[in-house]
1. Would you be able to say whether some residue in region B:192-202 is at pLDDT 90 or above, out of contact with any helix residue (DSSP H, G or I) (no Cβ under 7 Å at 6 or more places or on another chain), among the charged types (D, E, K, R) and under 19 Å from residue A:505 (Cβ atoms)?
2. Of all residues being in contact with a helix residue (DSSP H, G or I) (Cβ under 8 Å, 6 or more places away or on another chain) and in contact (Cβ under 8 Å) with a residue 60 or more places away in the chain in region A:400-414, which is farthest from residue A:449 (Cα to Cα)? Just the residue, please.
3. Return a yes/no flag: does region B:218-234 have any residue that is away from chain A (no Cβ under 13 Å), in contact (Cβ under 8 Å) with a residue 60 or more places away in the chain and more than 25 Å from residue B:276 (Cβ to Cβ).
4. Pull up region A:522-539, narrow it to residues that are in contact with a Gly (Cβ under 9 Å, 6 or more places away or on another chain) and of a type in the set (Gly, Ala, Ser), then point me to the one that is surrounded by the most Cβ atoms within 10 Å (Cβ to Cβ).
5. Filter region A:397-428 down to the residues that are of a type in the set (A, V, I, L, M) and surrounded by 15 or more Cβ atoms within 10 Å (Cβ to Cβ) and list them by number.
6. Looking at B:41, B:85 in this structure, which one is surrounded by fewer than 18 Cβ atoms within 10 Å (Cβ to Cβ) and either touching an Asp or Glu at 6+ places or on another chain (Cβ under 9 Å) or charged (D, E, K, R) (or both)?
7. Please specify each residue of region B:202-224 satisfying the condition of being under 18 Å from residue B:269 (Cβ atoms) and of a type in the set (A, V, I, L, M, F, W, C).
8. Only one of these is at pLDDT 95 or above and over 30 Å from residue A:568 (Cβ atoms): B:84, B:49, B:92. Name it.
Amino acid sequence: MADMLTIGSQAVNTFKKGLEVTSHNVANIETEGYHRQRAEISSNGQTIGTQFNGAGSQVDSVERIYSQYIQNQLVSANSGMNRYDQQLKLGKQLEGVVAANDGGVQEFIQRFFDSIQNLASNPTSSTTGRVVLDEAQNLESHMGNISTVLKETNGQVNNQIKDVAKEINTRLESLKNINTQVVSAVNLGTQAPLDLMDKREQIVFELSEYMDVKAYYQDNGRVDIYTGDGRLPLLGDNTLTQLKVKHSEFTDDNRMEVYMSISGEDRVISNQITGGELGGILDFRKNMLDTSMNELGVTINAMVASTNWQHYQGWDLNGNAGQDFFEPMSTAAIASSKNQGPEDGKNIFVTFNPNSGVSEPPYTNAVGVALNDQPANYGDKKTYLDNALSSLGDFKARDYLIQSDGAGGFKFFDNSTKQDITADAVEVLPAGSLKYQLDGLEFDFSSADVANMQNRDSFLVKPHQAILNNFHKDITDTNALATRGQSPVDSNNDGSLDDEVPGPAAYGDNVNMANMANLASMKLLYADNNGQSSETLLGGYSRMATSVGMYVRGTEIQLSSQTSVFDQMKSRMESESGVNLDEEAINLMKFQQAYQASAQIISTAQSIFQTLIGVMGR
Amino acid sequence: MRISTSQFNSQSLSGINQHQKTMMDLQEKLTTGKNINRPSDDPSGLNQVHSLNKTMGQLDQYKTNGEFAKGQLNLEETQLNTTVDGLQRARVLSLQMMNGTYNESDRKATAQEVGQIIEHLKSIMNSSNPERELLFAGSNVNEQAAYVADFNNPGYYAYIGSDNATGGARPEANFGARYVQISFDSDNRLEADDQGDSSRVRITDNGNKLFTIPDNPDPADNTTFTRGGTTVFPPGTEPDRNILNLMVEFKAYLDEGKAPPGSIASDMDTAIKNISSNLAEIGGRQNRIENQAAAGDTFKIALTERRMTIEDTDVVDAISKFMLAKGALQLAQQMFTKVQEMSLFNYIR
């Protein structure tokens with residue numbers, strides 16, 4: 001049985017601890033990740049039988065008010081919120097560049113076609129012709145600006161991926177250290193290292209800002225960190241697997257990917273990261289940057305091809321056949337660094353060549369058998385043009401992944417979705433030409449080292465992004481503008497010009513320029529299932545701007561909903577674990593009073609003792 | 001529910017943030033006057049604005065084209081009117097000269113005046129527009145002249161599209177009309193067959209069409225070219241039936257002192273009728289251009305209104321929202337300072 005003095009002195013200690021815990025709470029009111037703590041007080045001794053056995057109180061342990069469930073949700077909400085926040089920042093930045101409301105690409109395209117209309121009214125005027133060339137030049141400069149900004153954006157994305165990965169690795173490193181400390185503290189005694197645990201959870205929370213992670217708390221006090229899908233261990237068994245940032249397998253593509261070393265092999269895990277800043281950056285790159293570049297590229301490719309093909313139809317003021325107005329799109333492939341064959345992709349070409357092997361302008365001036373000679377008659381020439389224009393409708397806003405089967409054959413994939421589109425590729429006749437028509441484009445392997453390609457050798461082509469970098473006006477002389485159309489003379493008077501030999505109309509004819517102006521109103525892009533094109537060139541641009549807008553708007557909505565989820569979790573967490581100063585003030589008074597009372601017990605015990613001594617001493 | 005002290009702060013902070021953002025957005029809409037300042041403001045609205053802008057731009061361009069066409073047609077009209085005047089004068093003279101009261105020397109004197117009319121007509125028929133393009137040579141606008149010396153029949157003239165033309169026939173000159181687009185084209189294509197389509201207006205006519213004299217219903221009324229009755233031209237290469245040659249023939253009769261045959265006056269009549277009907281058609285084209293421009297303007301007003309409803313800021317609405325947001329922001333700021341004062345610690349002394 002404890003005496004009063006012992007009970008009193010224990011109670012003083014107990015309440016002193018209470019005061020300390022309260023002070024600790026007040027002191028950490030501004031500490032990020034701090035959970036309020038509470039001294040668990042219990043009574044000492046037990047009543048056995050009828051005898052009083054009370055032995056005062058003691059502090060068993062100091063606990064923190066903490067809910068694992070809420071913490072996990074908070075971490076995942078934080079990942080979501082930061083992802084959309086990052087997406088929105090990048091999205092708004094790009095939106096202003098590629099889809100500005102005023103003075104954007106569409107205005108330049110419109111002005112270009114307006115100038116062509118003016119030239120159609122006045123086809124022999126060199127001044128009007130000069131304006132056409134100037135407008136084409138303006139468009140070229142504008143495209144140059146855009147492609148520079150897009151390239152910079154790509155560089156910025158690469159750098160951001162590197163920086164964020166560094167932040168993640170630093171935090172994983174600290175987690176590893178704290179893990180060790182927590183585990184040894186847990187092994188040592190009963191009191192859990194509360195502040196260390198708070199600090200660790202704060203780091204997990206910070207980690208979730210950069211990428212989505214799952215934290216698994218083990219019984220021995222260790223925490224394991226996995227990627228958001230719970231598959232890959234970043235910190236498992238306290239073994240650290242750092243993120244690595246390296247070029248994708250298509251090195252020349254200059255595209256950074258996130259790698260993890262899994263059983264000794266570096267694997268790309270970019271697709272597994274869907275949260276945090278890193279998730280946001282990767283999503284932006286895939287769903288906005290790539291998509292808008294490809295969609296813009298489709299529009300520009302269609303404009304270049306349609307303008308060129310209409311130009312090939314005509315004849316210039318000197319009576320020569322129309323040549324390239326813009327530089328035709330032609331791009332080479334990029335080889336994968338994993339390829340075993342010697343082909344580096346530079347001999348695989350993608351071009352727009354809709355009448356491959358039949359008629360391949362720009363034409364010479366006379367009818368002949370060469371592919372670039374004028375077709376036998378005007379009707380054929382028109383058919384080739386119509387075929388070219390309808391091929392534009394097959395353009396799809398995507399990049400192509402080509403895989404060799406090692407036996408001279410190829411498989412084609414959509415690089416973003418990895419969908420197999422080999423069935424859409426049509427080999428150009430004669431069989432064995434090693435040229436394929438796919439999505440309105442020609443994939444030409446005829447100069448590539450196909451014989452030595454190994455199975456699964458891969459190549460990447462980005463035809464629609466290539467045109468953004470290579471948009472260039474070829475024509476420099478106003479006399480080379482093919483304003484004139486086919487001669488209206490019907491030599492055999494059969495009422496049709498289709499059987500006539502291709503030849504120029506008179507000097508002042510404007511038919512070809514009028515038709516070039518018409519390209520602006522013609523539906524050329526995005527064919528439906530019936531092969532009917534559904535969008536004009538400007539409509540194609542508009543489509544890109546709309547999908548950019550949709551992305552940003554969708555992100556805005558996602559961000560606000562994720563933010564409110566986060567706020568909700570945060571306020572639940574705060575409500576449970578946050579420090580309330582008023583409450584602490586009350587606790588302070590409470591413990592102070594109890595402390596004073598306990599001290600009184602000691603003093604009472606003292607005075608009782610004194611009384612006893614006094615009686616004895618008498 | 002338990003409330004932690006930092007919740008007060010974060011609540012105030014997020015409230016103030018939100019109101020400030022609302023005010024920023026409204027401020028942008030008010031200062032630019034536009035509801036859509038970037039695609040994400042209204043992606044589907046943007047698509048509509050783009051297509052409205054495009055249509056309006058095209059209407060503007062068609063109007064510009066129409067203005068150009070009208071200028072060209074005016075020029076042609078003036079020249080044709082002058083031609084008709086010249087022909088009228090010649091017709092009066094031919095009727096006079098058929099009259100027996102005029103003697104040989106009168107006719108020779110009149111031949112001088114007819115010679116002047118020939119020069120006058122020739123200069124009109126070979127005239128150019130300010131771009132130095134021949135007006136009446138079809139699309140062969142860069143030739144020296146639309147009417148050149150007759151290769152087979154010296155003294156006569158031939159249209160460059162005729163086999164008689166010096167330097168050989170340019171058959172394309174018998175076609176060759178320039179069409180200018182003044183409204184939307186359903187198939188967006190201009191065929192090379194010289195027929196144009198309903199969206200376009202023809203702004204040139206070739207000399208063959210305007211100045212060749214159509215055959216009369218009674219072949220006896222057609223002038224037979226004989227150089228004033230002195231020469232018989234072999235069939236096939238005789239001079240063309242154009243108004244210049246008619247005048248040349250007329251003059252030849254007068255030079256010979258002979259009275260011109262009645263067919264000359266009737267051919268002049270036919271020529272005048274032909275040119276007049278062409279003039280009426282040109283007037284019709286000008287009307288079409290004007291009607292089209294007026295229709296385009298009306299259309300554009302409708303489109304502008306539509307664009308306004310999509311794109312422009314409703315100022316009254318935006319200002320009242322702005323005032324509301326301003327009030328809310330001020331309130332939130334006041335709340336913050338009030339909440340800050342509340343603490344039990346203030347009462348522990």
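The values are calculated or read from the model by the stated rules, or taken from the named source; none is laboratory data. Please read all numbers here as calculations on a predicted model, not as lab measurements. With ideal geometry, Cβ positions are generated from the backbone for all residues, glycine too; neighbour counts draw on all protein chains shown.
1. For region B:192-202, residues at pLDDT 90 or above, out of contact with any helix residue (DSSP H, G or I) (no Cβ under 7 Å at 6 or more places or on another chain), among the charged types (D, E, K, R) and under 19 Å from residue A:505 (Cβ atoms): present.
2. Looking at the filtered set, the residue picked out is A:400.
3. Yes, region B:218-234 contains at least one residue that is away from chain A (no Cβ under 13 Å), in contact (Cβ under 8 Å) with a residue 60 or more places away in the chain and more than 25 Å from residue B:276 (Cβ to Cβ).
4. Per the criteria, the residue is A:533.
5. A:397, A:401, A:402, A:421, A:425, A:428
6. Only one candidate qualifies: B:85.
7. Passing the criteria: B:210, B:211, B:213, B:220.
8. Result of the check over B:84, B:49, B:92: B:84.
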